[in-house]
Amino acid sequence: PLVALAARGGEEADDVPYKAEDLVRAVNPEDGVIHSAVVTARNADGTIKVRWDDPRGGPATADVAPEEMRRIVLTAETLAIGERYSGVVQVSGAFGAFVLVGDQVECIVPMSMIPDDTVLEAGQRVEARLVAKPRRGRPVLTMFEGELGALRRGEAVARRFAEVSPNDWHDAVVTGIKRYGIFVKVTLADGSAANGMVHISEIKEGKVECIQDEAEVGQSVKVRVLEVSDGKISLSFRAQIVAAPEGDYEQPDFTPFQGLSSDQWLKGKVARVASFGAFVDVTSPDGGSSAEGLVHVTAIREGFTGSASEALEVGQEVSVRVLSVDVDNGSMGLSMKEETEDLWQTRKPGER
């Protein structure tokens, strides 16, 4: 067995001590056959404990003498489709994750190859199976157990999402939150489902101060599909900005709302409702003009509100305060919550 083992390409024998997580080819003492394995520990008697990639019904681990094993030298060329590899997540994002296999080869796990209930973090050790070796680019891994067809299914799902209109809203559930975006599992009307990400810039109008305040894992939300590229599905919580029609369309005049005190209440009517907030038609104090502003979901009422539809409906009359006005870009931020004052700043000396 040792002759055959030494003759195999992609393997080397050296004097460097084996360490945990080294990928090796070793002679199984049970059957005398060479199998792939991962080093788990060095034993006091000098043998190496390994975990077999495929025990084939036998023991999952074995103690092997160092001379009965060889370290596998991994390159993109020596990786084998269908084989399972262990690696460490280097970077994760909307695209999926980059995984360094065997401390030697950087591979990619596309978002469509990651189970719905899994959120990968940098530094996390994972096991995945190789499904493709493109001539250009990184080898492709899947985390779906024993599914070599997962790549093709993922591509089919991505194509289905690419066909939907960016005007349509779809049901989704938040699966993870990171500083740059919110991960969700989105389901189309026909039942097609996939993982996607809402970038921080697509969460709401204006700046997101703390992304953790915008959603929570397990929350049901509504999203629009913006783009599907390289298996990555980009989503949005924001209502689509529709291009102005040709003709006599006039941009609403927001100047009557400039300079209003933040404690002045105005009458309005809900025009549209989305998961992230409600658009309200507001009448100016003099009654001479009206414009549409956004009440973000966090500004509807005190406490947590999962979706604006939980508190508001189209046509409902409401009272709002003007928080911000951007005349140039034609937008206005509103609130339905009482203004909170800072007692430490307003309290006079001696007052309780």
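A short reminder: the numbers here are calculations on the coordinates, not readings from a lab. Note that the structure is predicted; figures quoted are calculated from it, not measured. Cβ coordinates were reconstructed from backbone atoms using ideal geometry, including for glycine residues, and neighbour counts include every protein chain displayed.
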Q. How many angstrom separate the Cα center of segment 93-119 from the Cα center of segment 13-86?
A. 23 Å
Q) In what order do 222, 185, 207 fall by count of nearby beta-carbon atoms within 10 Å, going from fewest to most? A) 207, 185, 222
Q.
Is the C-alpha gyration tensor of segment 84-148 telling us rounded, prolate or oblate? Criteria: a/c under 1.5 is rounded; beyond that, a/b larger than b/c is prolate, otherwise oblate.
A. rounded
(Q) With a cap of 14 neighbouring Cβ atoms within 10 Å, and only residues DSSP puts in a loop, list the trypsin sites (Lys or Arg not before Pro) found in segment 22-103. (A) 56
Q) If you line up the Cα atoms of segment 255-335 on their principal axes, what length do they span on each, largest first, in Å? A) 32, 24, 20
Q. Full extension from residue 255 to residue 187: what is 0.36 nm times the residue separation minus their Cα-Cα distance, to one decimal in nm?
A. 20.4 nm
Q) For segment 204-211, in order, what is each residue's ³J(HN,Hα) by Karplus, 6.51 cos²θ - 1.76 cosθ + 1.60 with θ = phi - 60°, in whole Hz (x at glycine and Pro)? A) 6, 5, x, 7, 8, 6, 9, 5
Q. Cβ under 11 Å from residue 47's Cβ, residue 47 left aside: what net charge do those residues give with Lys, Arg +1 and Asp, Glu -1?
A. -2
Q: Compute the signed sum of charges (Lys and Arg +1, Asp and Glu -1) over the other residues within less than 13 Å, Cβ to Cβ, of residue 235.
A: +1
(Q) With the cut-off at 19 Å, tell me which of the pairs 204/267; 269/337; 49/133; 185/207; 178/204 have Cα atoms farther apart than that. (A) 204/267; 49/133; 185/207
**Q.** Charge dipole of segment 86-135 about the Cα centre (unit charges at C-beta), most positive-ward option of 120, 95, 132
**A.** 132
**Q.** Chain lengthening between residue 298 and residue 326 when straightened (0.36 nm per residue, less Cα-Cα)
**A.** 8.1 nm
